[in-house]
1. How large is the convex hull of the Cα atoms of the stretch 255-299 per residue, expressed in Å³ as a whole number?
2. Using 10 Å bins from zero, what percent of all Cα-Cα pairs in the stretch 253-371 falls into each bin?
3. Grab the eigenvalues of the alpha-carbon gyration tensor for the stretch 40-188, scale each by 5, take roots, and send me the semi-axes largest first in whole angstrom.
4. Counting DSSP beta bridges in the chain, what percent are antiparallel, to the nearest 5?
5. How large is the accessible surface per residue of the stretch 387-438, computed with a 1.4 Å probe and reported in Å² as a whole number?
6. In whole percent, and with a 1.4 Å probe on the protein chains, what portion of the accessible area of the chain is carbon and sulfur?
7. Can you work out the accessible area per residue across the stretch 97-250, with the rest of the protein chains kept in place, probe 1.4 Å, in square angstrom?
8. Kindly provide the pair-distance distribution of the stretch 120-178 built from C-alpha pairs, with 10 Å bins from 0 and whole-percent values in order of increasing distance.
Amino acid sequence: MRLLLAAPHSGAGKTTVSLALLLALRARGLRVQPFKVGPDYIDPTHLEKAAGRRPYNLDGFFLDETGLLALFRHGARGADFALIEGVMGLFDGKDPRGEVGSTAQVARLLKAPVALVVDAKGMAGSIAPLALGFRDFHPGVRVVGVFANRVGSERHAEILKEALKAVGLPLLGWLPQDPALELPERHLGLVLAGEVAPPLEALRRAFRVDLEGVLRLAASAPPLPEARPFLPPRRPPRARVAYAWDKAFSFYYPEALELLEALGAELVPFSPLEDEALPKAHALLLGGGYPELFAERLSANVALREAIRRFPGPIVAECGGYMYLSQGLWVGERFFPMVGLVPGEARMAERPVLGYREVEALRDSPVARKGQAFKGHEFHYARLPASPSPAWRRQGGEEVEGYTDGRVLASFVHLYLPARPEGAERLLGLASRGDPTPPLGTP
């Protein structure tokens, strides 16, 4: 069984309704596997809290139909029900019609029934033509029902139900308008589930759902074709890869980490906030996150900054990791020294840089040979000055980005390594040639 939750626009309550539905399905005794459409590191932290299973990202820009189907089957193994939370509006994607990089694309490729999450505050009969338009817009996208969010009362819910009935769509469930059910936000989206507890108990009590109807519609999804294994055959361990993991750095695709493990990586977490020494490792990963929120603590951990600066093996740093490897980070009028491995000082801006990226390597780096192309995305408010040794050129233009000296790769682009496994293979190949570096201060 599978069901995809979409919405007419961002902010309608997809994550909130997803959490409530995950809880209801688990209370029914089902093993539910969550997925998140798009390049999102934050919403999955909340889905994992409710489902008790690690979510995976499904993205039709990163993966073709074969790869996306393989990842879906990989993630859904052992589950009774797959719940897929969409991104933005149903037809919002890389192109105006939402053919690529959209929730609609994933719904088509997975032949998944779609339930529309509608913010019903201030809405009554108008929910019907809204839902009808989405149902009839694309023949390959099957909208089968509606969840209403921010409903004013039981009577309001009945009005919405009757309006939808007139156009042949069921109201599958609803949540009341209640600030206690909302998830806090900040500049990159929702606050991570590790920093604030999702209101799971409140959602469990407040959710009104026709679970039998949900199960019936989810079971109507047609069988999917067989898929190739998403991961290559597991290889023996050959390199220890230490990756930053704490409140400041936690943005990694789980399927990318699993790819590294399948290719022979032994993954070891460390904390740039708490640890004064690096674990024994051949290579370092510094993922994205919120270094700007923890700049003072990161800067004060001089021992760890020095250990990273002296680390001789391959280093890959993305977005927040790029900021951390810079000469320093400005937060307002305060300057905080950082690792100092890459040139330039990071500053926060008011407007974000965001979007899908196709990039070509300008020179050899720990994951790419000169001329190789990779896919990824950017979403950040920070800025760094132009690098004297840029890592990437945006395909289709002359814009360059990031920094590499061959051993260190630092960039604002979050690469999607499962789309180009050669990058992960190259990193581990380079890492396995060296001796693992002991922690700073070890005799």
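The values are calculated or read from the model by the stated rules, or taken from the named source; none is laboratory data. Given the structure is predicted, the values throughout are model-derived calculations rather than measurements. So basically every Cβ, Gly included, is an ideal-geometry build from the backbone, and we count neighbours across all protein chains shown. What goes into the accessible areas is simple: the full protein's heavy atoms, side chains included, and nothing from ligands, DNA or RNA. Shrake-Rupley method; radii C 1.70, N 1.55, O 1.52, S 1.80 Å.
1. Values: hull volume 3.7 nm³, N = 45.
Normalising the Cα hull of the stretch 255-299 by residue number yields 82 Å³.
2. Here the calculated profile for the stretch 253-371 is 12, 41, 35, 13, 0.
3. On the way: eigenvalues 147, 78, 43 Å².
So the three semi-axes of the stretch 40-188 are 27, 20, 15 Å.
4. Values: 30 of 74 bridges.
Antiparallel bridges make up about 40 percent of those DSSP assigns within the chain.
5. On the way: 2180 Å² over 52 residues.
Ligands and nucleic acids excluded, the result is 42 Å² per residue.
6. Numbers: 9320 of 18100 Å².
Carbon with sulfur: 52 percent of the solvent-accessible area.
7. Values: 7340 Å² over 154 residues.
I get 48 Å² per residue for this part.
8. 25, 55, 18, 2
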